[in-house]
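In what follows, a single structure is set out as structure tokens and then discussed.
The values are calculated or read from the model by the stated rules, or taken from the named source; none is laboratory data. This one's a predicted model, so the numbers in the text were calculated from it and none came from an experiment. Cβ: placed from backbone, ideal geometry, glycine included. Neighbour counts: every protein chain shown.
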Amino acid sequence: MRTAIMTILVGMGCGGLGFYVGHHGPSAELRAARAAVTTAEPAPAERAPAPSVCVASVDRQVLREELARALGGGVGVEASATAPAAAKEPPPPTPAQAAAFDDARQGVDGALARGSLTGEQAEDLRARLRRVDPDSHYRLVTELVVALNHGKLKVEDGDMMF
Amino acid sequence: MSKSKSKWKLVMVVTCAILMAAGAARAGYKSFSTGIRMGRNADGSGLASGALSHARASSDSTQRMYCYSYATFGTCIAFPNTNTDGIACTTQDPGMLAVIRSVSGDSTVYFQTDSAGNCTNLAVFNDSGNMPKLN
């Protein structure tokens, strides 16, 4: 009987101790160790660097733009953006080129107005056309070709080697 | 005497015939072009073809055909009759410019043009059958 009572009391004591430990969590040492690990890792609030980095990069970009404007770099940026378009445009013709083109233009217009080219006129026109820039040369020759193909230009001896 | 002379003549004729036949057999294929041909539509488009050497050798002395090129463009022109009409085209296409630059004095040239004078097709045939330009 005494043994049974002792067994019950010891069992209740062990159960109470187990309840206490289970209810109050780990020991102070274990909690301290866990706390040390937890503080080594960034806290959830500190662990959200993405938004802050993103904001920082936007700020840097804005800062760069402001600096570029302040230092005159904005002009350079605008110039570089328009540079490809400017490169595509041919340079303006020199006065000599413009005069050569006008001279050739007159020769072609004269031939088209007459509807004919003698050997002498063809020789003269050839000399004029060879002084203009390649693109204008091509366009003027094509005008003569179109006139020939439409039967609007007669060429003596077939001399159209312009 | 007269018998031996006639025999001699016969031998000469046969010999000449054999030699001529042998020469012709060695000469290779010869093309006989009908000259420059041109077709033109009302809108100015059309085509032309012909062998340059044949045009030069033609007995009518009015046919003319040529191509020329600069660094950035080229032109082909054909006159079946220089006293009347001709047809031409110009191009800046690098491929067509290369074709134009392959033309030789004995080439056959074919080209097509649209209504704006642009070459739309261009071909050159360098054929051993073409008559060589003699003079």
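For the stretch B:89-100, the tally of residues that are more than 8 Å from chain A (Cβ to nearest Cβ) and touching a helix residue (DSSP H, G or I) at 6+ places or on another chain (Cβ under 8 Å) stands at 1.
Comparison of B:Thr75, B:Thr62 shows that the only residue that is at pLDDT 95 or above and in contact with a Ser or Thr (Cβ under 7 Å, 6 or more places away or on another chain) is B:Thr75. For the stretch B:54-65, taking the residues that are surrounded by 20 or more Cβ atoms within 10 Å (Cβ to Cβ) and under 14 Å from B:Ser104 (Cβ atoms), the one that is farthest from the other protein chains (Cβ to nearest Cβ) is identified as B:His54. In the stretch B:67-80, of all residues being more than 7 Å from chain A (Cβ to nearest Cβ) and in contact with a Gly (Cβ under 9 Å, 6 or more places away or on another chain), the one that is farthest from A:Pro134 (Cα to Cα) corresponds to B:Pro80.
For the stretch B:92-104, the criterion of being polar (S, T, N, Q), assigned by TED's automatic domain parsing to the domain that holds B:Ala51, at pLDDT 95 or above and more than 30 Å from B:Tyr29 (Cβ to Cβ) is satisfied by at least one residue. Checking B:Gly86, B:Gly50, B:Gly39 one by one, the residue that is under 13 Å from A:Val145 (Cβ atoms) and within 14 Å of chain A (Cβ to nearest Cβ) is B:Gly86 and no other. The one condition from (1) exposed (fewer than 10 other Cβ atoms within 10 Å of the Cβ); (2) polar (S, T, N, Q); (3) at pLDDT 75 or above that B:Ser31 does not meet is (1).
Residues in the stretch A:144-162 that are crowded, with 18+ Cβ neighbours inside 10 Å and either part of a helix (DSSP H, G or I) or more than 8 Å from chain B (Cβ to nearest Cβ) (or both): A:Leu144, A:Val145, A:Val146, A:Ala147, A:Leu148, A:Asn149, A:Leu153, A:Gly158, A:Asp159. Restricted to the stretch B:107-125, and to residues that are in contact with a strand residue (DSSP E or B) (Cβ under 8 Å, 6 or more places away or on another chain) and assigned to a loop (DSSP other than H, G, I, E, B), which residue is surrounded by the most Cβ atoms within 10 Å (Cβ to Cβ)? Applying the filter and picking the extreme gives B:Gly117.
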